[in-house]
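Following: one structure in structure tokens, then a few remarks.
The values are calculated or read from the model by the stated rules, or taken from the named source; none is laboratory data. Quick caveat: nothing in here was measured; it's all calculated off a predicted structure. No Cβ is skipped: glycine too gets one built from the backbone with ideal geometry, and neighbour counts run over all protein chains shown. The protein model used for the area step is the full one, side chains on, heavy atoms only, and it has no ligands, DNA or RNA in it. Shrake-Rupley method; radii C 1.70, N 1.55, O 1.52, S 1.80 Å.
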Amino acid sequence: MKKGKIFLILMLSVCVSALAQTGVLTSYCRTDTVKIIKDTADWSLIVYRPVNCSLVLSAKRADSSDCNVVFAAPAAFTAKNYTDIVGGFVGIDTVIKNPTEQETGLCTLDGSDVYIGGIEDTSVYFPLALNSGTMCYFQQMLLIHSSEKVPCTIFGKQKPTFRRALAAKYGKVCVIESLGRMDIDSFTEAMLILGITDAIYMDMGTWSEGFFVDINNQKTIIGQLKQNTRFQTNWLWFVKDGKQ
């Protein structure tokens, strides 16, 4: 396929002037909107970046009154029985040893440190999370590892839909979400264009509801399809440092 030019347009949606005025750093979720144009493709993504936050997993929905959680969104898949988390899961409030289904990747979270790797390393990282006292862990579909695309075939010929992933770019972690419907290969390609080195999928489809809190303490609900929100079993949180 002939390669065309790629254009990136970055629009910062958060103003940091408040920090300059107060001189005090706060914990919040920064959002950047990115437009990628490649050949005839036109993709729009939103990037959620933790600022002075730790990343943790929880099997409980964040309390709306909890001012320490500044981002929350589903992480691991929920099983077909609508009650179980798919795969091994170590959260701040729950440890589950459920079997995987078709998951190809794993992720560990320890403060702001995130590791994303292949499911074959489960025997190393699951016990590590169990015994660390601070580390969280979940299993999902691996999309990018060491700047290389990892084939993801579980969606088959599914029509394009909204996508979300936990991603890292040379150690800096973020969550990336498509603002329009995309097939999984296009979503992965878009993240590679952004320079993402590692990425693991996050549950979406009709399970997509979450929220973020910006620098002005304004809470915004995210997610497009929310029919199964009431059945969500687990969440990735950005929490204020030292508050998990």
_Odd one out for Gln224, checked against (1) surrounded by fewer than 16 Cβ atoms within 10 Å (Cβ to Cβ); (2) on the phi < 0 side of the Ramachandran plot_ = (1)
_Matching residues in the stretch 147-171 - criterion: being in contact (Cβ under 8 Å) with a residue 60 or more places away in the chain and open to solvent by 10 Å² or more (accessible area, probe 1.4 Å)_ = Thr161, Phe162
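Quick grid of which residues meet (1) within 26 Å of Ile37 (Cβ to Cβ); (2) assigned to a loop (DSSP other than H, G, I, E, B):
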| site | (1), (2) |
| --- | --- |
| Thr188 | yes, no |
| Leu192 | yes, no |
| Ile215 | no, yes |
| Gln224 | yes, yes |
| Phe238 | no, no |
*Cβ-Cβ below 7 Å, separation at least six or inter-chain, first residue in the stretch 189-207 and farther than 12 Å from Leu236 by Cβ, second part of a loop (DSSP other than H, G, I, E, B) and among the basic types (Lys, Arg): which pairs?*
Met204/Arg163; Thr206/Lys226
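Of the residues Asp241, Asp214, Asp203, which is over 12 Å from the mean Cα position of the chain (by Cα), among the charged types (D, E, K, R) and open to solvent by less than 50 Å² (accessible area, probe 1.4 Å)? Outline the logic, then answer.
Details: Asp241 fails: open to solvent by less than 50 Å² (accessible area, probe 1.4 Å); Asp203 fails: over 12 Å from the mean Cα position of the chain (by Cα).
Only one candidate passes the filter, namely Asp214.
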*Please tell me if Ile200 is in a strand (DSSP E or B), β-branched (Val, Ile, Thr) and within 26 Å of Ile96 (Cα to Cα).*
yes
*among the β-branched types (Val, Ile, Thr) and either at pLDDT below 95 or touching a helix residue (DSSP H, G or I) at 6+ places or on another chain (Cβ under 8 Å) (or both), is that true of Val90?*
yes
*What are the residues in the stretch 172-192 that are touching a strand residue (DSSP E or B) at 6+ places or on another chain (Cβ under 7 Å), within 12 Å of Ile144 (Cα to Cα) and open to solvent by 30 Å² or more (accessible area, probe 1.4 Å), if any?*
Leu192
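For the stretch 34-139, list the strands (runs of 3 or more DSSP E) that sit wholly inside it and hold at least 3 residues that are surrounded by 15 or more Cβ atoms within 10 Å (Cβ to Cβ); which are they?
Values: elements: 41-51, 53-58, 69-74, 88-90, 95-97, 105-110, 113-118.
Strands (runs of 3 or more DSSP E) meeting the threshold: 41-51, 53-58, 69-74, 88-90, 105-110, 113-118.
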*Considering each residue of the stretch 140-174, count those that are in a strand (DSSP E or B) and polar (S, T, N, Q), and give that number.*
2
*Kindly list the number of the only condition in (1) under 17 Å from the mean Cα position of the chain (by Cα); (2) at pLDDT 95 or above that fails for Ser208.*
(2)
*Please state which of the following conditions Phe187 fails to meet, knowing it meets all the rest: (1) aromatic (Phe, Trp, Tyr); (2) farther than 22 Å from Tyr82 by Cβ; (3) over 17 Å from the mean Cα position of the chain (by Cα).*
(3)
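To keep it simple, each residue is scored yes or no on (1) out of contact with any Pro (no Cβ under 9 Å at 6 or more places or on another chain); (2) not aromatic (Phe, Trp, Tyr).
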residue: Leu166; (1), (2): yes, yes
residue: Tyr170; (1), (2): yes, no
residue: Val173; (1), (2): no, yes
residue: Met182; (1), (2): no, yes
residue: Ser186; (1), (2): no, yes
residue: Met191; (1), (2): yes, yes
residue: Gly205; (1), (2): yes, yes
residue: Phe212; (1), (2): yes, no
